[in-house]
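Student: Let me give you the structure first, and then I'll get to my questions.
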Ligand SMILES: Nc1ncnc2c1ncn2[C@@H]1O[C@H](COP(=O)(O)OP(=O)(O)O)[C@@H](O)[C@H]1O
Ligand SMILES: [Mg+2]
């Protein structure tokens, strides 16, 4: 994505606050660079945050991530990375809420796990599983991160907002909402979840073979974590070849996580519907991509 995509997304989600943030971005970058003694570099492909390669005063490579101060994501990202302390994820080097600024360890070479898809899909899933195992081993801190259960409210809100089958089939959302509650109530364990663990958020690194970035930390059933990677990458795009990989991915995930296939399948269904429900909440993108294809394909197997 380009800076145009950043502008469109930020205005779409944060409105006037987003416009103010975008206008102040050059000044914020300069202020943060001065305070943290950073040499600024080149931006990565941007979607909702300003993310750029930087160099610290001692020559260490790092990444500066800037977002709208007061928005939900960055405080949660910072708190989650702190829980992991570098085990399976990039380290948090500094965080200043007032600036909406995170300084992160840079994963190098930083190649995304998506580059293995579709030809080496099994390898991509294995890489994500290895990262997942590291992340889920962290102790759960008291009261720092939201419970997974809190995300269930999105299903009910969707059903209130949309009485019919547009933009999503109502029975699908109802089914996913019920299953979400059942799966949460029967969780075999509670762990610190990445919350959005898929091919664009797992990067090639040196300290460990792969490291996660960009967590949406919540605490709950480890099975939830299997959901995101089943309908990624590019969940908004129809792609029969990627859709065909879904059954094998689910088997591999169940095996790698030591979870029953039925639970992994159910979580994959629930997370695909949830992803579409979040899209319908209005980030400007279109409902009805591959996440919906995956949900419809899994429905007869529930
Ligand atoms: N710590 C990091 N090391 C290397 N590259 C990174 C790092 N953090 C982010 N990136 C790059 O920047 C891109 C956007 O970062 P991300 O945190 O996913 O932003 P957003 O929250 O807007 O999706 C990633 O896809 C990745 O290519
Ligand atoms: Mg991201």
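Values quoted throughout were computed directly from the atomic coordinates according to the rules given, and no laboratory measurement underlies them. Small disclaimer: the values here were computed from a predicted structure and weren't measured. With ideal geometry, Cβ positions are generated from the backbone for all residues, glycine too; neighbour counts draw on all protein chains shown.
Student: What number goes with the only condition from (1) over 16 Å from residue 195 (Cβ atoms); (2) away from ligand 1 (no atom under 13 Å from the Cβ); (3) in contact with a strand residue (DSSP E or B) (Cβ under 8 Å, 6 or more places away or on another chain) that residue 125 does not pass?
Tutor: (3)
Student: With the requirement that a residue be assigned to a strand (DSSP E or B) and either in contact with a helix residue (DSSP H, G or I) (Cβ under 8 Å, 6 or more places away or on another chain) or away from ligand 2 (no atom under 13 Å from the Cβ) (or both), what does segment 50-68 give you?
Tutor: 50, 52, 53, 54, 55, 56, 61, 62, 64, 65, 66
Student: Among the residues of segment 118-133, are any in a helix (DSSP H, G or I), surrounded by fewer than 20 Cβ atoms within 10 Å (Cβ to Cβ) and free of Cβ contacts under 8 Å to residues at least 12 places away in the same chain?
Tutor: yes
Student: Can I ask one more? When residue 47 is evaluated against the numbered criteria (1) in contact with a helix residue (DSSP H, G or I) (Cβ under 7 Å, 6 or more places away or on another chain); (2) more than 11 Å from ligand 1 (Cβ to nearest atom); (3) under 26 Å from residue 195 (Cα atoms), which criterion, by number, is the only one it fails?
Tutor: (2)
Student: Looking at segment 36-48, which of its residues are free of Cβ contacts under 8 Å to residues at least 40 places away in the same chain and not in a strand (DSSP E or B)?
Tutor: Passing the criteria: 37, 44.
Student: Now for a separate question. Does residue 104 qualify as being in contact with a strand residue (DSSP E or B) (Cβ under 8 Å, 6 or more places away or on another chain), part of a loop (DSSP other than H, G, I, E, B) and surrounded by 20 or more Cβ atoms within 10 Å (Cβ to Cβ)?
Tutor: When the stated conditions are applied, residue 104 does not pass them.
Student: Let me confirm something: among 87, 71, 79, which residue is within 14 Å of residue 215 (Cβ to Cβ), assigned to a loop (DSSP other than H, G, I, E, B) and touching a residue at least 24 places away in the same chain (Cβ under 8 Å)? First the steps, then the outcome.
Tutor: Numbers: 71 fails: within 14 Å of residue 215 (Cβ to Cβ); 79 fails: assigned to a loop (DSSP other than H, G, I, E, B).
Exactly one of 87, 71, 79 is within 14 Å of residue 215 (Cβ to Cβ), assigned to a loop (DSSP other than H, G, I, E, B) and touching a residue at least 24 places away in the same chain (Cβ under 8 Å), namely 87.
Student: For segment 219-245, which positions are within 16 Å of ligand 2 (Cβ to nearest atom) and farther than 21 Å from residue 290 by Cα?
Tutor: Within segment 219-245, none qualify.
Student: Follow-up. Just for segment 284-302: of the residues that are more than 18 Å from residue 166 (Cβ to Cβ) and in contact with a helix residue (DSSP H, G or I) (Cβ under 8 Å, 6 or more places away or on another chain), which one is surrounded by the most Cβ atoms within 10 Å (Cβ to Cβ)?
Tutor: Once the filter is applied, the top-ranked residue is 294.
Student: Does residue 111 meet the test of being under 21 Å from the mean Cα position of the chain (by Cα) and without any contact (Cβ under 8 Å) to a residue 12 or more places away in the chain?
Tutor: Taking the combined requirement at face value, the residue does not satisfy it.
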